[in-house]
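Here's the structure, in structure tokens; my notes come after.
The values are calculated or read from the model by the stated rules, or taken from the named source; none is laboratory data. It should be emphasised that the depicted structure is a prediction, and the values quoted were computed from it without experimental measurement. Using ideal geometry, Cβ is built from the backbone for each residue, glycine included, and neighbour counts are taken over all protein chains shown. Surface accessibility is based on the protein's heavy atoms, side chains included, excluding ligands, DNA and RNA. Shrake-Rupley method; radii C 1.70, N 1.55, O 1.52, S 1.80 Å.
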Amino acid sequence: MYISTCRCSSSSIAVSRIFYLRPFSRQIQSSVTTYRSSFRCSVNRRFTISLKAQIRTASPVIERKLATMASEHPYKGIFTSLPKTGGGEFGKFYSLPALNDPRIDKLPFSIRILLESAVRNCDNFHVSKDDVEKILDWENTAPKQVEIPFKPARVLLQDFTGVPSVVDLASMRDAMKELGSDPDKINPLVPVDLVIDHSVQVDVARSENALQANMDIEFKRNKERFAFLRWGSTAFRNMLVVPPGSGIVHQVNLEYLGRVVFNSDGVLYPDSLVGTDSHTTMIDGLGVAGWGVGGIEAEAAMLGQSMSMVLPGVVGFRMTGKLHDGVTATDLVLTVTQMLRKHGVVGKFVEFYGPGLASLSLADRATIANMSPEYGATMGFFPVDHMTLQYLRLTGRSEETITMIEEYLRANNMFVDYNEPQEERVYSSYLELELADVMPCVSGPKRPNDRVPLKDMKDDWHACLNNKLGFKGFAVPKQEQDKVVKFTFHGLPAELKHGSVVIAAITSCTNTSNPSVMLGAGLVAKKACELGLEVKPWIKTSLAPGSGAVTKYLHKSGLQKYLDQQGFNLVGYGCTTCIGNSGDLDESVASAITDNDIVAAAVLSGNRNFEGRVHPLTRANYLASPPLVVAYALAGTVDTDFEKEPIGTGKDGKSVYLKDIWPSNKEIAEVVQSSVLPEMFKSTYEAITQGNPFWNQLSVPSSNLYAWDPNSTYIHQPPYFKGMSVDPPGPHGVKDAFCLLNFGDSITTDHISPAGSIHKDSPAAKYLMERGVQRRDFNSYGSRRGNDEVMARGTFANIRIVNKLLNGEVGPKTIQIPTGEKLYVYDAATRYKSEGYDTIVLAGAEYGSGSSRDWAAKGPMLLGVKAVIAKSFERIHRSNLVGMGLIPLCFKPGEDAETLGLTGHERYTIDLPQKISDIRPGQDVTVTTDIGKSFTCTLRFDTQVELAYFEHGGILPYVIRNLSKQ
């Protein structure tokens, strides 16, 4: 047996890039044993002991092999010490300057991180010197779409994606046992952090006890899920679960989990991660390389599978100047999103640089990095500089740690010092933005990249009412546009019009980690209160910060009480409205909307506003800064021009305009300076390590194999690995498949696998009711991702989905082609499967955009979909389809189903070679139909590794088979 190791890091798990996983290549790192020991109260610490024992009891031949491989590191000559000023050393590191290669100085900083990882992990087996050379020669190799391996230092999860990941890991243990292997081989080999933040819903709002009431409901509703996750934290090694009520995953990552530089067993290297939430990119604002991947990819990374990726191009985004007074980081990120979406950055890194960065706080940078998925990039990266170090001090990191970070990054040419001359770096393409050109804006009503300058909002709204149904249109007849609906709200007279705001939410990871916009919202509320303005009581207002530190500085500043007066009471620490956990609207409001076909609006400080996501009854959804959320709540409508129309009438009877309640940048900066203190962050994160009474009282079994409950509607053993063979099944084509759905452009993962409420008439609702679950206890699709039966029924269940087979009708149904019947998608798919028919999906551009949702690939696979033919795919979703064994195909440029004359009523055959060795990444594939039409597509298996996954039926069967053979 060939054994390989690399004594470098906790990310140096020796794993085959294509065919082999090696048993004794795991590195014992001090990070495993000391990884925030005060935090890991629930980690199973048998890992360190058992692994050391495993190596001690290995044969002498294997021990000699391990020692030989470590001593023969191809780059051992540049493994050098990083001395401390007062004597001693911080540790040792692989020095990029010691390579003496002039190409390094021209590399983008984001590519230098990939280079360092390849050098450190190089063993000429899993990572070769050729891989290192590809990265060194990035300027020439990136345009050629070359493949490189990457090993992230850690993995980040949230509970919506974390529950199915832990379900998969538990199921993989069962599969290992059935194959006659050791189930305990299924264990994370790198640090895994899972933050429970997606479960809290705004059931109670505008109340002093909303936080406690929502947490009570959250635990009652999700007790089974939470107990399962607590079991996972003890059954799996090296896994930390942060309990509910602690904060939003990306803010916790930014303020606490992010290391910037690892020091593991005396070896220094850059922090890096992949996460199962697309907004994992927020950590890029801290100078940490991180991006979102599908849950199945993350599971493979946990198990030591080396990630294979295409060496990306890097767009250089230069910023100059500074923002005008009154312009927020949210205005900036919506502007950047529109620019980059127009430029085209899918599959690329974006690296920000230039003199304008000196005026951008770390929180502002994190806001921009957070929305990388919305502008389509893999990363939106800000290299580490003095502003980064300042933020680390603010959030309570120790001076010793900060000094180590700065010294290491300077020594390895990864630190930007704007006081020194800057080496001109090379980028694949360039963009530039003068910050003074950024104007206040919002985005909507249905996509985050549809930016609307605030001064144009009223005109844009009326255009949307007039326009035909689409991303910027509601097709409301002229005679209906001015109607007023009067109703009674808890005994008070109330009214709604098209554009009336019914939800105003300060929510989401994007903005609630930024003190300037959060305190800015508090100042708007304060000025409004002082002038006598009030938010209408029928508007559902809420405040859901990203961490307890926000609450501390809102209270210290004295601004929370003004937010409370305007109805923005604290409702929980989690994603809430941004992911569709907005809770029910009052029945009187809901009836007024539905009975009169009102286009109601939600305004939220979030990052996603796809139709049907925020709330089923808000067809118009606008992204805005927290201060603007308060302003729109006060105005009560999006049908207003803040420059010309008053926001309301003050207590003195005079008109009050937005400018009267809008704080200056100086006012905000003074409050930030006096109210945001390091002690707040330290105390917040000391507290979350202690959990809370609800969490600590959960009882969990001690078995390493999960005892599946057949009656559970939350946790169910998935069928992926049942009857799994020892040998891979090989590649498959598609024969005479029916088209299950025919889509246009911009079908999101919210359309494919919604996370929000379960409609009372849906197949999922029927399944739950048949098992005794009352409607009030349906919870959300996101909370039930641990049950494949629910999620298969919830696939393509978005009530706003548009399927061309329905000829203009909107909703989660399709035409069953052989009979012509209109059925729910699940019912049609089930019938196709029972009759032995394959199915495919036709789609337009940007298929699978939005959240990194593995169920958007798992669901179609369970429905029997074999291939998706689209104009283009969102990066993570294409990877997820590959990971589940589906075939992704792209129409040739200039072609799509419509130009080819395809209606979706045809039958489709996709011929692929029977040997995987005869298939090439990106090759042309001919698709034929039963009506004589044929066309050529590009096969979107992009690497040899992805072909290996396809041969095995997916990434997880691939990992199981390799681990079982050890």
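When each of A475, A463, A494 is tested for being out of contact with any Phe, Trp or Tyr (no Cβ under 8 Å at 6 or more places or on another chain) and under 26 Å from Y657 (Cα atoms), the lone residue that passes is A463. Filtering the range 801-834 to residues that are assigned to a loop (DSSP other than H, G, I, E, B) and in contact with a Pro (Cβ under 8 Å, 6 or more places away or on another chain) leaves only I801. Considered as a group, the residues in the range 179-210 that are charged (D, E, K, R) and out of contact with any Leu (no Cβ under 6 Å at 6 or more places or on another chain) include one that is most open to solvent (accessible area, probe 1.4 Å), and that residue is E208. Elements of the type helices (runs of 4 or more DSSP H) sitting completely within the range 89-144 and holding at least 3 residues that are out of contact with any helix residue (DSSP H, G or I) (no Cβ under 7 Å at 6 or more places or on another chain) and more than 18 Å from P383 (Cβ to Cβ): these cover 129-136.
Pick from V959, V927: which is within 19 Å of K866 (Cβ to Cβ) and touching a strand residue (DSSP E or B) at 6+ places or on another chain (Cβ under 9 Å)? V927 is the lone residue from the list that is within 19 Å of K866 (Cβ to Cβ) and touching a strand residue (DSSP E or B) at 6+ places or on another chain (Cβ under 9 Å). Within the range 329-336, identify whether any single residue is under 29 Å from Y949 (Cβ atoms), touching a helix residue (DSSP H, G or I) at 6+ places or on another chain (Cβ under 6 Å) and among the hydrophobic types (A, V, I, L, M, F, W, C), and answer yes or no. No, the conditions are met nowhere in the range 329-336. Taking the range 455-470, which residues are open to solvent by 20 Å² or more (accessible area, probe 1.4 Å) and under 17 Å from T335 (Cα atoms)? Answer for the range 455-470, where residues must be open to solvent by 20 Å² or more (accessible area, probe 1.4 Å) and under 17 Å from T335 (Cα atoms): K455, D456, D460.
For every residue, the table says whether it meets (1) open to solvent by 10 Å² or more (accessible area, probe 1.4 Å); (2) touching an Asp or Glu at 6+ places or on another chain (Cβ under 8 Å); (3) under 19 Å from R853 (Cβ atoms).
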position: L257; (1), (2), (3): no, yes, no
position: F262; (1), (2), (3): no, yes, no
position: L286; (1), (2), (3): no, no, no
position: G313; (1), (2), (3): yes, no, no
position: F317; (1), (2), (3): no, yes, no
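Of the residues making up the range 820-840, those that are surrounded by 19 or more Cβ atoms within 10 Å (Cβ to Cβ) and touching a helix residue (DSSP H, G or I) at 6+ places or on another chain (Cβ under 7 Å) are Y824, Y826, T839. R776 meets each of the listed conditions (1) part of a helix (DSSP H, G or I); (2) closer than 28 Å to G583 by Cβ; (3) open to solvent by less than 10 Å² (accessible area, probe 1.4 Å) apart from (3).
Could you please let me know if V190 is in contact with a strand residue (DSSP E or B) (Cβ under 6 Å, 6 or more places away or on another chain), at pLDDT 95 or above and among the aliphatic types (A, V, I, L, M)? No; evaluated as a whole, the condition is false for this residue.
Take the residues in the range 703-751 that are within 31 Å of the chain's Cα centre (by Cα) and assigned to a strand (DSSP E or B); name whichever of them is surrounded by the fewest Cβ atoms within 10 Å (Cβ to Cβ). Ranking the qualifying residues of the range 703-751, first place goes to N742.
If you go through the range 432-451 one residue at a time, do you hit one that is of a type in the set (G, A, S), free of Cβ contacts under 8 Å to residues at least 12 places away in the same chain and either in a loop (DSSP other than H, G, I, E, B) or under 30 Å from L617 (Cα atoms) (or both)? The answer is no, given that none of the residues of the range 432-451 is of a type in the set (G, A, S), free of Cβ contacts under 8 Å to residues at least 12 places away in the same chain and either in a loop (DSSP other than H, G, I, E, B) or under 30 Å from L617 (Cα atoms) (or both). Scanning the range 625-646 for residues that are among the hydroxyl-bearing types (S, T, Y) and either out of contact with any Gly (no Cβ under 8 Å at 6 or more places or on another chain) or on the phi > 0 side of the Ramachandran plot (or both) turns up Y632, T640. Can you tell me which residues in the range 839-859 are part of a loop (DSSP other than H, G, I, E, B) and of a type outside the set (S, T, N, Q)? Residues satisfying the conditions are A843, G844, A845, E846, G848, G850, R853, D854. Counting only helices (runs of 4 or more DSSP H) that sit wholly inside the range 624-702, those with at least 2 residues that are touching a residue at least 24 places away in the same chain (Cβ under 8 Å) and among the polar types (S, T, N, Q) are 665-675, 678-688.
Give the number of residues within the range 779-803 that are surrounded by fewer than 21 Cβ atoms within 10 Å (Cβ to Cβ) and within 21 Å of T748 (Cβ to Cβ). Here the count works out to 3.
Filtered by the rule that a residue be open to solvent by 20 Å² or more (accessible area, probe 1.4 Å) and either at negative phi or basic (K, R) (or both), the range 885-910 gives K892, P893, E895, D896, E898, T899, L900, T903, H905, R907. The strands (runs of 3 or more DSSP E) found wholly in the range 860-939 and carrying at least 3 residues that are of a type outside the set (D, E, K, R), over 28 Å from D788 (Cβ atoms) and in the same structural domain as G850 (by the TED database) occupy 924-929, 934-939.
Scan the range 536-559 for residues that are open to solvent by 10 Å² or more (accessible area, probe 1.4 Å) and touching a strand residue (DSSP E or B) at 6+ places or on another chain (Cβ under 9 Å) and the total you get is 6.
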